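The values are calculated or read from the model by the stated rules, or taken from the named source; none is laboratory data. Predicted model, so just to flag it, every value in this text is computed and none were measured. FYI the Cβ positions are ideal-geometry reconstructions off the backbone, even for glycines, and counts take in every protein chain you see.
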Amino acid sequence: MTFDDFDLDPDLMDGLDTMGYKTPTPIQQQAIPIILDNKDLIACAQTGTGKTAAYVLPLLDKILHTEQGAVNTLILAPTRELAQQIDQQVEGLAYYLGISSIPVYGGGDGNTWEQQKRALKQGVDILIATPGRLIAHLASGAIKLDGVKHLVLDEADRMLDMGFFEDIIKIVGYLPKDRQTVMFSATMPPKIRSLAKTILNEPEEVSIAISKPAEGILQQAYLVNDEHKVDLVKHILKHGNYSSIIIFASTKEHVKKLHKELKRGGMNVKAFHSDLEQVEREDILREFKSRQLPVIVGTDVLSRGIDVEGIDLVMNYDVPPDPEDYVHRIGRTARAASTGTAITFINGKDQRKFAQIEMLTTQEVTKLANPEGIPAGPEYHPVIRKKRSGGGHHKGQWKGHKHKGDKKH
């Protein structure tokens, strides 16, 4: 299949050529015809599969054949980084179309608010927004959404994780009932199903590799205690052949500490976390994308907010708290059918969490021997307990082993 098979507008095809799009990905092959056919859609696709273009392309084509004036399409995203990223992709694909878009998100100063307000009053075809800031603009009367024909929820699972369920329902209340609604999510837990039933109308369903990392990712892990993690990071960065690296830590404190230690070791690295001003975060991402900055240390705010091809190593300094966050973190590498490496550090108390990741992804990750001079942590003997059925163990229970010295889980 090629993009010619979708019978898209010639000017839109020129935008595709300019952006370097060659062959539609599986999610694009399945989602684009459904959206062009005006059907509601709930799509489950992992990061890096081309899901943004899967909805942007057909919606741009539809906007071209619609009378313009009011906001035609509303795209909701969980973070400002993702909203900016979507807007950049819209701008590229719509380069020859004369279709306007604007990202609306929180942060910044009063000038940012006023700039957004003026732009909204001037009118825009595609509005890309984070829920909280959009509600604030709706409350101020800066914008009306009664002409919206298409609603997209991108990374819907992340929005619900961040507590945006009520905000989403409130925003939907401003929209006409006669609209097309498209929902994209990397995972499909029950709460997503519940939201879909509430706001979608007899949706088609597309599912691509639910909760599984991309095949091009080489997954590895080390068993290491916290006091030796910094030395292990330094060893990997010094001896590994990696040029573009993201290191994830689960807290801002860990990010700041690791950043300080690596800077002290003479490495070109910057920290990315929510304490930074928006302009600082944008500068860091710009340097990273342009290959001026080889290493970023960040919290999970990065796992959904960065779209950079060519990242060859993702390192989990801490095991993420949620197994699905692991999929999002390591999905930063091996994007667009490329390859990459994901390395996770597992201490004694995180063994159970990592075992749950292996169960979710149905993949056993290779545990590597620690380099010389870096002591190994506790052996990998996770204890996974499931609910009991009757008097015995639940079928399929992974009992594991309790390693002497491990804490109870």
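Residues of region 187-232 being on the phi < 0 side of the Ramachandran plot, in a loop (DSSP other than H, G, I, E, B) and in contact with a helix residue (DSSP H, G or I) (Cβ under 6 Å, 6 or more places away or on another chain), which ones?
If the condition is that a residue be on the phi < 0 side of the Ramachandran plot, in a loop (DSSP other than H, G, I, E, B) and in contact with a helix residue (DSSP H, G or I) (Cβ under 6 Å, 6 or more places away or on another chain), then Thr187, Lys212, Pro213, Val224 are the ones that fit.
All but one of (1) within 27 Å of Thr25 (Cβ to Cβ); (2) in a helix (DSSP H, G or I) hold for Ile311, so report the exception by its number.
All conditions are met except number (2).
Any chance region 209-217 includes a residue that's over 27 Å from Pro323 (Cβ atoms), within 25 Å of the chain's Cα centre (by Cα) and of a type in the set (S, T, N, Q)?
The answer is no, given that none of the residues of region 209-217 is over 27 Å from Pro323 (Cβ atoms), within 25 Å of the chain's Cα centre (by Cα) and of a type in the set (S, T, N, Q).
Scan Leu134, Leu120 and give me the residue that is farther than 23 Å from Tyr21 by Cα, at pLDDT 90 or above, in the same structural domain as Phe165 (by TED's automatic domain parsing) and buried (at least 17 other Cβ atoms within 10 Å of the Cβ).
Leu134
Among the residues of region 253-274, is any within 20 Å of Lys353 (Cα to Cα) and at pLDDT below 85?
No, the conditions are met nowhere in region 253-274.
Of the residues Thr18, Thr52, which is crowded, with 19+ Cβ neighbours inside 10 Å and touching a Phe, Trp or Tyr at 6+ places or on another chain (Cβ under 9 Å)?
Unique residue meeting the criteria: Thr52.
Of the conditions (1) outside the structural domain of Arg329 (by TED's automatic domain parsing); (2) over 22 Å from Leu41 (Cβ atoms), Lys191 satisfies every one except a single condition; which number is it?
Of (1) outside the structural domain of Arg329 (by TED's automatic domain parsing); (2) over 22 Å from Leu41 (Cβ atoms), only one is false for Lys191: (2).
Touching a strand residue (DSSP E or B) at 6+ places or on another chain (Cβ under 7 Å), buried (at least 22 other Cβ atoms within 10 Å of the Cβ) and modelled with pLDDT of 85 or more: does that describe Ile357?
So Ile357 does not fit the description; no.
Which one is surrounded by the most Cβ atoms within 10 Å (Cβ to Cβ) among residues in region 238-258 that are in a loop (DSSP other than H, G, I, E, B) and in contact (Cβ under 8 Å) with a residue 24 or more places away in the chain?
This residue is Ala249.
I'm trying to understand the selection: among the residues of region 179-237, which are β-branched (Val, Ile, Thr), surrounded by fewer than 18 Cβ atoms within 10 Å (Cβ to Cβ) and within 20 Å of Ala54 (Cα to Cα)?
Ile210 - this is the single residue of region 179-237 that is β-branched (Val, Ile, Thr), surrounded by fewer than 18 Cβ atoms within 10 Å (Cβ to Cβ) and within 20 Å of Ala54 (Cα to Cα).
One residue is enough: does region 321-342 have a residue meeting the conditions among the small types (Gly, Ala, Ser), crowded, with 21+ Cβ neighbours inside 10 Å, modelled with pLDDT of 90 or more and more than 18 Å from the chain's Cα centre (by Cα)?
no
Which numbered condition trips up Leu153, out of (1) exposed (fewer than 15 other Cβ atoms within 10 Å of the Cβ); (2) among the aliphatic types (A, V, I, L, M); (3) at pLDDT 95 or above?
Leu153 satisfies every listed condition except (1).
Within region 48-82, which residues are over 22 Å from the mean Cα position of the chain (by Cα) and not aliphatic (A, V, I, L, M)?
Asp61, Lys62, His65, Thr66, Glu67, Gln68, Gly69, Asn72
Cβ-Cβ distance below 9 Å, separation of 6 or more or different chains: which pairs start in region 17-32 with a residue that is assigned by TED's automatic domain parsing to the domain that holds Ala45 and end on one that is among the basic types (Lys, Arg) and part of a helix (DSSP H, G or I)?
Thr25/Lys51; Ile27/Lys51; Gln28/Lys51; Ala31/Lys51
When you look at Ile169, is it surrounded by fewer than 19 Cβ atoms within 10 Å (Cβ to Cβ), outside the structural domain of Asp325 (by TED's automatic domain parsing) and not acidic (Asp, Glu), yes or no?
Yes, satisfied.
Being out of contact with any helix residue (DSSP H, G or I) (no Cβ under 6 Å at 6 or more places or on another chain), of a type outside the set (A, V, I, L, M), outside any loop (DSSP other than H, G, I, E, B) and under 25 Å from Glu309 (Cβ atoms) is the filter here; which residues of region 12-52 pass it?
Asp14, Asp17, Thr18, Pro26, Gln29, Gln30, Cys44
Taking only pairs six or more apart or across chains, which ones have beta-carbon atoms under 6 Å, a first residue in region 49-67 that is in contact (Cβ under 8 Å) with a residue 60 or more places away in the chain, and a second residue that is surrounded by fewer than 24 Cβ atoms within 10 Å (Cβ to Cβ) and among the charged types (D, E, K, R)?
If the second residue must be surrounded by fewer than 24 Cβ atoms within 10 Å (Cβ to Cβ) and among the charged types (D, E, K, R), the pairs left are Ile63/Asp125.
Applying the selection to region 259-293, what residues are closer than 26 Å to Gly107 by Cα, among the aliphatic types (A, V, I, L, M) and not in a loop (DSSP other than H, G, I, E, B)?
Val269, Ala271, Val279, Ile284, Leu285
Assess whether Asp4 counts as being in contact (Cβ under 8 Å) with a residue 60 or more places away in the chain, surrounded by fewer than 19 Cβ atoms within 10 Å (Cβ to Cβ), in a helix (DSSP H, G or I) and of a type in the set (D, E, K, R).
When the stated conditions are applied, Asp4 does not pass them.
Taking region 345-382 as the region of interest, how many residues are hydrophobic (A, V, I, L, M, F, W, C), in a helix (DSSP H, G or I) and in contact with a helix residue (DSSP H, G or I) (Cβ under 7 Å, 6 or more places away or on another chain)?
The qualifying residues number 2.
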